[in-house]
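Below you'll find the structure, written out as structure tokens, and then a few comments.
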Amino acid sequence: MSTPDTMHAAVLYGKEDVRLESVPVPAIGPGELLVRVRAALTCGTDVKVFRRGYHAKMIQPPALFGHEMSGDVVAIGYGVTRFAIGDRIVAANSAPCDECFFCRRGQPNLCEDLLFNNGAYAEFIRIPARIVEKNTYRLAGHLAYKDAALAEPLSCAVRGLDESFVRPGDTVAVMGLGPIGLMFVRLARFAYGARVIAMARRLEQVDRAVALGATEGIVIGRHDSLIEELKSETGGRGADVVIEAIGQPEAWELATRLVRKGGVINFFGGCPTGTKVAIDTGLLHYSEITCKASFHHTPAHIRRSLDLIAEGVVNASHMVNHEESLNQLPQVLSDLAHHRNGQIKTAIIP
């Protein structure tokens, strides 16, 4: 089947301004792939970008939008040998250069020339040569498109837990139970062997986390009562690891009061640009608290995430509770941004 000249795609123009347009199907060059998108998943980052109208590192409008996807290869550029037309693939949204200061020191997520790719909310997407080479993978035969598309966000959570030094038997407290928080819950319990205490503002979020494997759940109300309740569940000490997945300064500060002496806090949730946090330096110093902040993923974590998905540790049934056509994307993003209709993650099927 020949590829059409035009396609429907979502274009980000600014704050809460995403439009479905007819645009040219991307032309591909040497080393690149053209992929027919079979599933694109909504993401907390995309919702933030939708609300703010841009992302300083990843996307500047006007631009094609979306980055969690899987699909079928329909065209290959000169020199591509690892993939063939018809292959079912998942492509990550970035790839490092492997040559800069940070790449050479084992921190490719901080690459000085990290290449990002957007455009998953469309009928077709171009995969740049570097991503084809370093961060694109053929799907196992039994793997569904929606499951595979989880690899990118899941890899961020895997890296967050790795960076937090989670060990079997640890108590991990997860603050915030959106899609990424639920991934932390599921992974910490079933991939890392931890006891998980899930915390969120709404009871239905806590109930959902418990259904996915959290050992205990706490509804966040008054901070003092939350601290008291968590410590009562941990022998008065606090959690071994606290994952902050809310992205608000007050939640970052609260996390320092929920962790035990010698414990680890991962400030995973990104706060709004320009915000600052006041932290008790005496508490950090005399309790030897380690503070981490995990950003993005690496190709190794994408590969590990695909393995965990293939093993059934995490799949779309755990996180994706809506499915819509591409034409409904602006409404889906608006509903997610304003917490309507109980959506967690939505699969957009072009």
The range 1-35, subset under 22 Å from residue 53 (Cβ atoms) and among the β-branched types (Val, Ile, Thr), residue surrounded by the most Cβ atoms within 10 Å (Cβ to Cβ): 18
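Tell me, please, whether a residue that is small (Gly, Ala, Ser) and either under 17 Å from residue 146 (Cα atoms) or surrounded by 14 or more Cβ atoms within 10 Å (Cβ to Cβ) (or both) can be found in the range 276-286.
No, the range 276-286 contains no residue that is small (Gly, Ala, Ser) and either under 17 Å from residue 146 (Cα atoms) or surrounded by 14 or more Cβ atoms within 10 Å (Cβ to Cβ) (or both).
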Residue ranges of strands (runs of 3 or more DSSP E) in the range 165-284 with at least 2 members more than 24 Å from residue 305 (Cβ to Cβ) and either of a type in the set (Val, Ile, Thr) or at pLDDT 95 or above (or both): 216-219, 259-267
Hey, residue 74 assigned to a strand (DSSP E or B) and not assigned by TED's automatic domain parsing to the domain that holds residue 55 or not: no
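Whether any residue in the range 86-95 is surrounded by fewer than 16 Cβ atoms within 10 Å (Cβ to Cβ) and either under 30 Å from residue 14 (Cα atoms) or free of Cβ contacts under 8 Å to residues at least 60 places away in the same chain (or both) is what I want to check. Before the answer, list the steps.
Taking the range 86-95 as the starting set, the residues that turn out to be surrounded by fewer than 16 Cβ atoms within 10 Å (Cβ to Cβ) are 86.
Add one more test, that the residue is either under 30 Å from residue 14 (Cα atoms) or free of Cβ contacts under 8 Å to residues at least 60 places away in the same chain (or both), and what stays is 86.
There is at least one residue in the range 86-95 that is surrounded by fewer than 16 Cβ atoms within 10 Å (Cβ to Cβ) and either under 30 Å from residue 14 (Cα atoms) or free of Cβ contacts under 8 Å to residues at least 60 places away in the same chain (or both).
Check 119, 141 and return the single one that is in contact with a Phe, Trp or Tyr (Cβ under 8 Å, 6 or more places away or on another chain) and either in a helix (DSSP H, G or I) or not assigned by TED's automatic domain parsing to the domain that holds residue 246 (or both). Working first, answer last.
Values: 141 fails: in contact with a Phe, Trp or Tyr (Cβ under 8 Å, 6 or more places away or on another chain).
Result of the check over 119, 141: 119.
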Residue in the range 36-43 that is assigned to a loop (DSSP other than H, G, I, E, B), of a type in the set (A, V, I, L, M, F, W, C) and in contact (Cβ under 8 Å) with a residue 12 or more places away in the chain present: yes
Checklist (1) outside any loop (DSSP other than H, G, I, E, B); (2) modelled with pLDDT under 95 applied to residue 3, failing item: (1)
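The values are calculated or read from the model by the stated rules, or taken from the named source; none is laboratory data. Keep in mind that this is a model prediction, so the values were computed, not measured. For neighbour counting, all protein chains shown are included, and Cβ atoms are generated from backbone atoms with ideal geometry for every residue, glycine included.
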